[in-house]
Every structure is written in structure tokens, then in C-alpha cells.
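Just below is one structure, and these are the notes that go with it.
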Amino acid sequence: MFINMATLQEWTRLSLALTTIFLLLNTDGANGQVEYSIRLVGGSSYLEGRVEVYVDGSWGTVCDDNWDLSDATVVCRQLGYGNALYARSAAYFGRGSGPIKYDEVNCLGDESMLHLCPLLTIDDCGHYEDAGVVCSAPSPTLSSNSSIIRLVGSADTFQGRVEVYVDGAWGTVCDDEWDINDASVVCRQLGYTGAISAPGSASFGAGSVPIALDNVRCTGRESRLQDCESASTNDCNHNKDAGVVCAMEYSIRLVGGSNYLEGRVEVYLDGSWGTVCDDLWDLSDATVVCRQLGYGNALYARLSASFGQGSGPIKFDDVNCQGDESMLHLCQFSSTNNCRHHEDAGVVCSAPSPTLSSNSSIRLVGSGDPFRGRVEVYVDGAWGTVCDDEWDINDASVVCRQLGYTGAISAPGSASFGAGSVPIALDNVRCTGRESRLQDCESASTNNCNHNKDAGVVCASTILIRLVGGTSIREGRVEVLLNGDWGTVCDDGWGLTDAKVVCRQLGFAGALSAHSLAHFGQGTVPIAMDDVQCTGSESRLTDCSFQTSHNCDHHEDAGVICIEAGFAIRLVGGSSETQGRVEVYLNGIWGTICDDGWGLDDARVVCRQLGYSNAIRAVSSARFGQGSGDIFFNDVACTGSETSLLDCVKSTVNNCGHGEDAGVICGTSGSDTSTIRLADGYSALDGRVEVYIGGLWGTVCDDDWDLADATVVCRQLGYGDALTAPGEAFYGPGTGSIVFDEVNCRGTELTIQDCAYSTIDNCQHGEDASVSCSSSFAAYEFGKVRLVEGNSKYDGYVEIYYKQQWGTICNDQWDKTDADVVCKELGHEFAISTSDASEYDTGRSSTKPIWLDDVFCGGSETRLVYCNHGQWDSNYCSHGEDVWVKCNGAPGLVSGTTIGLVCGLVGSCILLCVCCILCCCKSKKGPANSTTAVPTGGSDPGAPPVVHYHPPQQYIHQPSQPMQPSAHQLSDAEAPPPTYELVISQPTKFPLVTGAVFEIPQQPSDPAYPPAPLPPGQNPPSAPNPAVPQPQVISNPMYLDADDVIT
């Protein structure tokens, strides 16, 4: 075979390229990309996003089939974060690209990595089904710079064996070269002020996890242990595990909050913890606390023991920070006080920014915009500026990328954003532009600069967003930075879905409300966007559909109120963790929910948000005790499909008291199918019905209890059909709660929890419901239908199977839609005809029961029992109202006959039209005189007839309408024709006219009124003799009274 040399060269190059790719893929792990790595993409912070996994040499997404909180828990654990808050589906954080690596993930929740869960590597998904998660931040000691580190082996939080989280697992540090510099970095990373000692030789016990680091060599200025020089290979054993003892003086902590980002402020001073008095306490003070703890911005400065009263000494009073201090004890304060613990100060911090927490801290200040400003870095426990000596675009690019932007536009010096007041930390910075952090660049820590040479940056940013005019950072008029200019958003079409995108982009947990009509004041910048239409899954407002042209004024500026990061929900006052009063954490405080409109759909959302599999009951009237504080929500109206209570329709104003606090009882996995029993029966097949809810057994009230409900209970227990459904505590009264009332099953449900029911009862245990089940299944399925007494299998009376017996259906409300469902269930297409409610009594008799009444189908049901209907065996019908149906396919409607009927009908219509046309044409000849022969001899049938003559009737012509004859006016001598009833009742008085002669006199020529046709068997009469008097025609009956004859 001849091979072209050029082709061979191409194949050779391709082979070399494929070999290179293969080698690169197989060395990814060595280069830092580990198989089964995981990441979050598209979120507003590092704690949330679309889940992507690294498998077989490439990143790919995870399908959301079966995706739930257990799966999300494993993802968050693998990433080293806190608990999983939400399991997001439907590409909540945007659609990914490339392969979909996993489908049908089914974690138990205790796995350490996602690939250890049961899953499929083949899928039938699209990227609109990409799964995502929202994690809570790790505990404070692990999260202060997201460089996961912890102290273990000691009862004290400030000392212990050092363990770091590397490559998805915890590991110890070998004490080779371990010293006070290394310990100082660890302690500062954990939020302490420094280190007292650096013990080795497993002083806090030998670890059991792998040894992760060895030969650590810190200078003492690093912000994270991972930034120090170290070796990942070692010749150590756990007898050489390193530890630290951190300096507690001036350490700070938050206590009493719902998460690590909030709480009562406590400082460690003079050997003990103490609180801070709220005199003069404001957001500047809170900002310093949040900065010292390594968190994000301060959201709120809380007063009046908002997080509960502390104990012990009050360490600080009259704190007065400028806001740029690195630690609280560097602010002005008084160490004496006149305060009590009801004045303890608190803070609410935002989560740390991913760009600041994943790299040693850097910030931009001196500008109202987050994308530009004076550069300041956190070095040796304090913020400092950067001198502009040798400062250029490469240096600025590293800063901007470190802050999460795509690059730098410019690198201004000469204190373009104002002169700083903190020390000058760096000088002569020389970046290549490829570094990931400014601290990785070459620089000098000594300088000959002053603050007139402070360096700055302007980062590349295509879109930013801000809130203006509100009373806090979580609310305000929406303004966007679009194409370099700030602008407002017009409120045309503005709604909660759009507000959610804004709040998510700003790093909040969600949107509380969307506002229009310049609720937060009119803007002065241009109007940048109009007709915004978000789906709610977008990560940025500009990802939504919108118009840049508009017909708006600033009185239409849109605004939002956001929910702070840290929104949470909890159950309080129940006998187990699955039940209780619903309380939500909103804007820094806990509050309750009013029970107005509270129902099972609302409870389902709460339980799902808390990680439970289902909701069993929605509880009202403060059944779990009255709460305190604010009532946040009222008139909650969830559909049941929302992932968060925030997504439900609700009101934030209320007229409620805490006596109306709402609660829920949630079910755990399996509680909806296996927790039902029969108690106190004569055998396992009968007894009082009891269900297990929220850790307790409870009974069912017998209101509306019937055999359909009992059938579901028997099916759920694995028995045969239900034989009886007794009430009134037939097997004795139960104890405890009555959990269900007014149960209304169709009889086809798999579990009683699938039926309609009420969780609010007015029952006593003397009304407990019971069942008696058979041990074997019946010959027919519950609710099955059939047709009987018809001419074929396609028609007949409808019967339905219930109580192991066939019975009929009453025709109240019955129509063709119901009949169609019967025919479809029997395998036919539709119903040709059926009885309806107008047939009151057909005369049918039967000994069978009438099982159903008031059936109402929508038309989409596959079985009649799925339709709405009245109670079983409860009606006022007779068998004369039994429903019958004729389905398509019945004999006598074969195709040939059907075609014949159609053709005959069409032909008849054509013939009728022709006749009408002919009649109309002839009728234009005018009205005709008419004659009727009547006997002259009274009642003598042999007498010769006398013919009466009437002149032609007169007509009134109305334009554009057919002419109608006027009513005949009788003379005084005439009487009206007798009625039909009179003729029938007096046959002797009105004899039948026999042998009558019909004479048709000459008519005027009028084509509109043609001559009337002759009666059958009659010949046209001869022309009348003018000399002979002519009889007058009387127009109606053949029966006449002798008195009607006129001579």
C-alpha cells in the first residue's frame, strides 16, 4: 500500500502530540492536580458554587439527580469547610461546560470524599441540571485565613498539637527545625496575638493522622503556615509531632451567636476572659473586631446584650476605634466601667472574602469603589502601605488577580488615592506578573519613602454592583457599574427574583424584598438598565436579560433589602430535634413565624431546609411554647417545592402574638413508609392505627375514616385488602398525641402520609381509628372499574370495586369527561356517550351497593379512582341514577357504517338546502286564497259539503327581513278553531271530515308564496262556476263544529 510521505509526517506529529498529552494527564497529580479533586465555581463566595470534580484528566460537573443535603455535606467536608447549608440543583450557580462526571450521587453523609459515595459515571443529564452547594464557613479556629489549621490534644483552645489540612486530609507537623517563629505564625493564623513556646516531641500526644509537613522554616512574618518553606516528605514518626502554646493576652472571641461570624465580644486580658461594654459601641469598633478575627466586613454593631449576657469582668468600656486598627486593644478605651452585663457589646461579621482569606491579606482603601484604591498589606500583625518605587503594571496585575479581578488597568503612584496613616510595609516591589500573591514578589521591607509615594491600583472590572441610600449595607437603591459608569436600574418588571440575584452577587444569603418607585431615594447617575428579567439562578445581574435603553425617570429606581449572610432556621421547644417551634435568624437576631396560613407545604420547606426527608405535621397556636422577640414572617404561602423559607411568598408585617407561633414535626429517612402499626388488636391483622411521628407514637382520629383509608394502611403494612374500618376506639383508646384527623385517602396511595389529612384535630382518644386487614389480596384491585349488562364489552353500567364487592356509581355531576376516564382505564380511547345528572330515574333496579357519588374528573387521570369524588358508600341515590357508558369501538360503529352515516348526513343537508331555495323562490308569488270543504249537514256525514271562501291574507313588508303573515282576524260570526285536546275529548262533536273536496281558487301571481301542495290522493279541482256561491276555506283542522258552517 502506498503511503504519502506528508501524510506519514502528519501522523507522526499527531502521535507525538497525543503522547505528550497522555504524559501530561498522568502527571497532573504530581503537578498539583490530584485525581478526584473538587472545587466550587460560580458562587458569590468561596463557600458556595457549582460542584466540579477532577476525574480522568479534566474537570466536569455533577448532575443533580438525587442530589441532597447528604451529598452536599460530603462536598463541604472534602473542601474543609463547615456544615452544608443547602444542596442546590437546576444549575443554581450557572451552567457548567464539558463533561458531566457523576450522576445519581447517593452519599450517606459520613464519607470523607465525594467519589467514595455510590454514584454513576454515566448520565442522562444536561448542564441545566448541574448540582451545587452552599457551605458554612469552618469553625473560627479553622477559618481565620481559610488555611485550614487546628490545635488538638489539649483541653485548652490556645495550645495543642498542630495539624494542617493538606490535599483533602488532616496531617501533623514534624518538629525538625520547629521554633518560635513557626509557632508565632500558627498562633496568629488562629487569631492569637503571638506564641509563648513551640514544644516538640509530641508534647500534646502523638497524632494518628499522616505527617503532612517537615522542616518548616518560617521567618515569623508569614500570615499562614503554608506560606513558610517546608518539605512534604519526612523521616519522622509521631513521637516528633510539633505543638504550640499561644499568647492569650488581648485575644478576642465571639460567644452566643448562631454561627462563628457573630456573637458577644469577649477579650482575654490579665489571665481571664471578659466582655466589652456597649457605651459608644458602633460599626467602627465592630470593624476592628471582625478584622482582628480575620473575617470580612462588620455588618452590625449589636448593643444591649443582643447575644445574651456574659459573666465575669467587663474588660473594656467607652471603646472608640477609628476603624483602621488591626486589633481592638489598639483603639482608645477605658479599662474602668460603670456597666452591667445587660450592656454587653456584640458584632455580626460577614464571611471572609475569598480573595483575602485564601491569600495573606491585602486590601484597597481610599476610594469609594472596591476595584481601585491605595494598596495595603497585612504584615507582622499590622496593615501597611506599599511604596511606589519600581511600582508598575506587573505589580498591579498581581494585586488585582489576588483580589479576584481579571487584571489591572493602571498602577498609579504618588498617593493617588490619598496618603496612608499606617506604616510603610513594602518597597521596591518587583513582580514578574505571574505571581499569585504580592507577597510572593521580590521586595524590600526597609524603605526610604513617605506616604506621598503610596502605591495604588485600578483593577479591570466589567461589572460591579452597590446599594445606595439604605440604613444599612444590606439595603438600598441598586446601582451597577456598567462600561465604566455607575447607573441605576429602572423598576419596570422588577421583582423578588431579580433582587435575589443582586443580593447573591453582593454576598448576602438572599433577598427579603424587592422595592420600586425610588423607595431608597432617587439616584443622580444615569439609568443603566431597564426591563430586567432574571431567572434567579444567575450569579450576576448582568447575566439576566435587560435593556440598556429605557423610558424611565429616577422616580422608578429599583431597590432591594437583602438577608445577611448567616440566615438560619431552627426548631425550639420540641421533645426531639425533629420537632419544635420554627425560629429564623434574620438580620442578626432570632424570631418566630406567625401561624396565619401555616400549612403542610410550609412545613415541608422548613424540614427540607433543615435536612430532613419530609414534613409530617404543621403545628400552630404555639403548641411548642411561645417564643420571644420579633415575629418575622406572617401569611407564609409556600408551594412546597422551595429550597428555603426565604423563597416562599410571605408578609413581613403581622398582627400576631406569640400565642400564634408556628411549629413543625419533621420526618427522618424512612419515617414515611415504615413507622405505622396496629395496636391492641386480636391479631397482627387488626387493631388501632398508630403512626410514629417526631420520635413519638400517636393515633388517628376517625373523622371521615372509611375503607379507602383502611386500605392504604393495610397496603402500607404489607397485608391484603382492608375488611373493615371501625372507629370510636373499637380496639380501645390510645394515649399520647392524635397526629392525623380527617384523613381522606383515595385508596390507591402507598402510605397514609400520601393521603390528604389535617394535623389540627378536635378529637379525643374515644375517636381513635382502627382497621381489620385480610391476610391475602383480593381477586380485584381496589377501585377497579368494569362495564356490565351492556350489548358488548364496550358499553354497560359502570361498576367499581370496593369492600371486596362490586357496586355502582351515581350520576350526580357525571359527564363525558368522567366517562372518558372510565374508557381509558378499560383500554379504549374515549367515550361515545354516557348518562348524566339529568337522568333522574331510568327505572333500573339492582341489589348491589352504590359506592360513589359526585365524581369529578379533570380528564388527565388514568384511573377513575384518582378523580375527585364524594365519600365512599355515602350518598342519597337510587339505582335509577346508575351511570352507564358506551366507549369507542362498540359494534354497529364499524368504519363502513360510519362512512355511510356521514355520507347520508351530508346528502340530507344538501337536499334540504335545495328544497329551501325552491320554496323561497315559489313563495314570492304572493299569498293564496285557500279553501276547506266542510259538511253542511251538521253531524250528518252524508250531507254535501259547503265550501267557505276567505280572501287572501294581508302581509306587512319589513325591509331586509322575510315577510311574515299577519294574524287572521276573526269576525263576530266566527269562532276560533278548537284545540287538539278539545277534539280528542269530544269525538262526537268533532267528527272526522270524510270525502272532503279541496278546492284551490285562482291565486294572484306572487312567486314568494307558491301554491300549497294537494293532500295525498287528491286531483286538482276544476275551475269554479262564478254563478255558484263558493265555500270559504278555514285554515286549520279537519275537525269542525257544525256552527262553523257559513252559508
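Yes or no, residue by residue, for (1) among the small types (Gly, Ala, Ser); (2) on the phi < 0 side of the Ramachandran plot:
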site	(1), (2)
TYR192	no, yes
SER197	yes, yes
GLY205	yes, no
HIS238	no, yes
ARG253	no, yes
ASP285	no, yes
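Looking at (1) at positive phi; (2) in a loop (DSSP other than H, G, I, E, B); (3) open to solvent by 30 Å² or more (accessible area, probe 1.4 Å), which one does GLY747 not meet, given that it meets all the others?
Going through (1) at positive phi; (2) in a loop (DSSP other than H, G, I, E, B); (3) open to solvent by 30 Å² or more (accessible area, probe 1.4 Å) one by one, GLY747 breaks only (3).
Quick check, is ASP103 farther than 13 Å from ILE38 by Cα, touching a Ser or Thr at 6+ places or on another chain (Cβ under 9 Å) and surrounded by fewer than 17 Cβ atoms within 10 Å (Cβ to Cβ)?
no
Whether any residue in segment 593-606 is among the small types (Gly, Ala, Ser) and closer than 30 Å to VAL347 by Cβ is what I want to check.
No.
Can you confirm whether segment 599-622 contains a residue that is part of a strand (DSSP E or B) and acidic (Asp, Glu)?
No, the conditions are met nowhere in segment 599-622.
Would you say VAL429 is assigned to a strand (DSSP E or B), open to solvent by less than 20 Å² (accessible area, probe 1.4 Å) and at pLDDT 90 or above?
The answer is yes for VAL429.
Of the conditions (1) assigned to a loop (DSSP other than H, G, I, E, B); (2) open to solvent by 30 Å² or more (accessible area, probe 1.4 Å), CYS656 fails just one. Which one is it?
Against the list (1) assigned to a loop (DSSP other than H, G, I, E, B); (2) open to solvent by 30 Å² or more (accessible area, probe 1.4 Å), CYS656 comes up short only on (2).
Hey, can you tell me all the residues within segment 47-99 that are of a type in the set (A, V, I, L, M, F, W, C), open to solvent by less than 40 Å² (accessible area, probe 1.4 Å) and assigned to a loop (DSSP other than H, G, I, E, B)?
LEU47, TRP67, LEU79, ALA91, PHE93
Scan segment 324-333 residue by residue and report those that are in a helix (DSSP H, G or I) and open to solvent by 30 Å² or more (accessible area, probe 1.4 Å).
Listed by number, the residues that qualify are HIS329, LEU330.
Name the strands (runs of 3 or more DSSP E) wholly within segment 800-859 that hold at least 3 residues that are open to solvent by less than 60 Å² (accessible area, probe 1.4 Å) and closer than 22 Å to ALA708 by Cα?
805-809, 850-852
Sort through SER758, SER772 and tell me the only one that's over 33 Å from the mean Cα position of the chain (by Cα) and open to solvent by less than 40 Å² (accessible area, probe 1.4 Å).
Only one candidate passes the filter, namely SER772.
Could you figure out which of (1) touching a residue at least 40 places away in the same chain (Cβ under 8 Å); (2) closer than 19 Å to GLY257 by Cβ isn't true of CYS339?
Exception for CYS339: condition (2).
Name the pairs whose Cβ atoms lie under 6 Å apart, with the first residue in segment 756-777 and at pLDDT below 90, the second among the polar types (S, T, N, Q) and open to solvent by 50 Å² or more (accessible area, probe 1.4 Å), and 6 or more positions between them or separate chains?
Pairs that qualify, where the first residue is at pLDDT below 90 and the partner is among the polar types (S, T, N, Q) and open to solvent by 50 Å² or more (accessible area, probe 1.4 Å), are ALA756/ASN744; SER772/THR724.
Residues ASP647, ASP602, ASP557: which one is surrounded by fewer than 24 Cβ atoms within 10 Å (Cβ to Cβ) and not hydroxyl-bearing (Ser, Thr, Tyr)?
Residue meeting the stated conditions: ASP647.
Say we look at segment 719-738 and pick out the residues that are at pLDDT below 85 and within 30 Å of CYS867 (Cα to Cα); which of these is surrounded by the fewest Cβ atoms within 10 Å (Cβ to Cβ)?
It comes out as GLY720.
Looking only at segment 271-294, filter to residues that are touching a strand residue (DSSP E or B) at 6+ places or on another chain (Cβ under 8 Å) and more than 18 Å from GLN322 (Cα to Cα); which one of those is most open to solvent (accessible area, probe 1.4 Å)?
TRP273
Hey, any hits in segment 622-640 for a residue that's open to solvent by 60 Å² or more (accessible area, probe 1.4 Å), out of contact with any strand residue (DSSP E or B) (no Cβ under 7 Å at 6 or more places or on another chain) and either without any contact (Cβ under 8 Å) to a residue 12 or more places away in the chain or among the charged types (D, E, K, R) (or both)?
No, segment 622-640 has no match at all.
Consider segment 691-718. How many of its residues are touching a residue at least 40 places away in the same chain (Cβ under 8 Å), of a type in the set (Gly, Ala, Ser) and surrounded by fewer than 23 Cβ atoms within 10 Å (Cβ to Cβ)?
2
Return the pair list, or none, for Cβ contacts closer than 7 Å from residues in segment 248-259 that are buried (at least 21 other Cβ atoms within 10 Å of the Cβ) and among the small types (Gly, Ala, Ser) to residues that are assigned to a loop (DSSP other than H, G, I, E, B) and modelled with pLDDT of 80 or more, at least 6 apart or on different chains.
Correct list of pairs: GLY257/PHE307.
The values are calculated or read from the model by the stated rules, or taken from the named source; none is laboratory data. Given the structure is predicted, the values throughout are model-derived calculations rather than measurements. All Cβ positions, even for glycine, are placed from backbone atoms using ideal geometry, and neighbour counts span all protein chains on display. We work out accessible area using only protein heavy atoms, side chains counted, and drop any ligands, DNA or RNA first. Shrake-Rupley method; radii C 1.70, N 1.55, O 1.52, S 1.80 Å.
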